[in-house]
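Just below is one structure, and these are the notes that go with it.
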Amino acid sequence: MANDNFKFSLRSIVEKNKLNGTNFLDWERNIRIILRSEGREDALATPIPMVIETSSDEEKVNIIWLENEVLPVTCLMLSAMEPELQKRFLNSDAYTIISELKTLFQDQAMIERYETHKAILDRKLVKGKPMSPHVISLTGLFKWMENLGTPYD
């Protein structure tokens, strides 16, 4: 029961901050946090294959199973969007939705990458201050750049 309350409180984050076209990066981060807590983040990286005439019965069963596994993630994503975006993606799966949204909002991501890169370059260790907050801050920025698709080596 406590786990269900935790899921509900996390999900309320995206219910309050629905995707509206100007907040994609924040929305995506929140969706990923929720999915990670539920062990379902892989749904965003898993394309669902098409059933074709030559698909074996085993392949068909696996595709149906995958569709059922991804359905709650897709529904969460749709419920966390403004109605206009919901209509656009109503018949899509989670992988397709996130892929198309990234394309649609790539300018926002480009600006975010620039600002994050600038923040990394502007970070300086202040003499006499502890090192650990500085390292934690930089680590967070590097991780965010990785999430934006531009990891540092």
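The values are calculated or read from the model by the stated rules, or taken from the named source; none is laboratory data. It should be emphasised that the depicted structure is a prediction, and the values quoted were computed from it without experimental measurement. Don't worry about glycine lacking a Cβ; one is built from the backbone with ideal geometry, like all the others, and counts go over all protein chains shown.
Let's see how each residue does on (1) in a helix (DSSP H, G or I); (2) closer than 13 Å to VAL14 by Cβ; (3) in contact with a Phe, Trp or Tyr (Cβ under 6 Å, 6 or more places away or on another chain); (4) among the β-branched types (Val, Ile, Thr):
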position	(1), (2), (3), (4)
GLU53	no, no, no, no
GLU67	yes, no, no, no
THR74	yes, no, no, yes
GLU112	yes, no, no, no
LEU121	yes, no, no, no
LYS124	no, no, no, no
LYS127	no, no, no, no
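What pairs can you find where one residue is in region 127-153 and within 22 Å of ILE111 (Cβ to Cβ), the other is among the β-branched types (Val, Ile, Thr), and their Cβ atoms are less than 7 Å apart, with a gap of 6+ or different chains?
LEU138/ILE120; LEU141/THR116; LEU141/ILE120; TRP144/THR116; MET145/THR116; LEU148/THR116
Filter region 41-66 down to the residues that are of a type in the set (Val, Ile, Thr) and over 26 Å from the mean Cα position of the chain (by Cα), then identify the one that is surrounded by the fewest Cβ atoms within 10 Å (Cβ to Cβ). Reasoning before the result, please.
Residues of region 41-66 that are of a type in the set (Val, Ile, Thr), as a first pass: 46, 48, 51-52, 54, 61, 63-64.
So of that shortlist, the ones also over 26 Å from the mean Cα position of the chain (by Cα) come out as 51-52, 54, 61.
Details: VAL51: 12, ILE52: 8, THR54: 6, VAL61: 11.
The selected residue is THR54.
Take the residues in region 104-153 that are modelled with pLDDT under 80 and of a type in the set (Asp, Glu); name whichever of them is surrounded by the most Cβ atoms within 10 Å (Cβ to Cβ).
Taking the candidates together, the pick is GLU112.
Does SER92 qualify as being outside the structural domain of PRO151 (by TED's automatic domain parsing), outside any helix (DSSP H, G or I), of a type outside the set (Asp, Glu) and surrounded by 11 or more Cβ atoms within 10 Å (Cβ to Cβ)? Spell out the reasoning first.
Working: outside the structural domain of PRO151 (by TED's automatic domain parsing): yes; outside any helix (DSSP H, G or I): yes; of a type outside the set (Asp, Glu): yes; surrounded by 11 or more Cβ atoms within 10 Å (Cβ to Cβ): yes.
When the stated conditions are applied, SER92 passes them.
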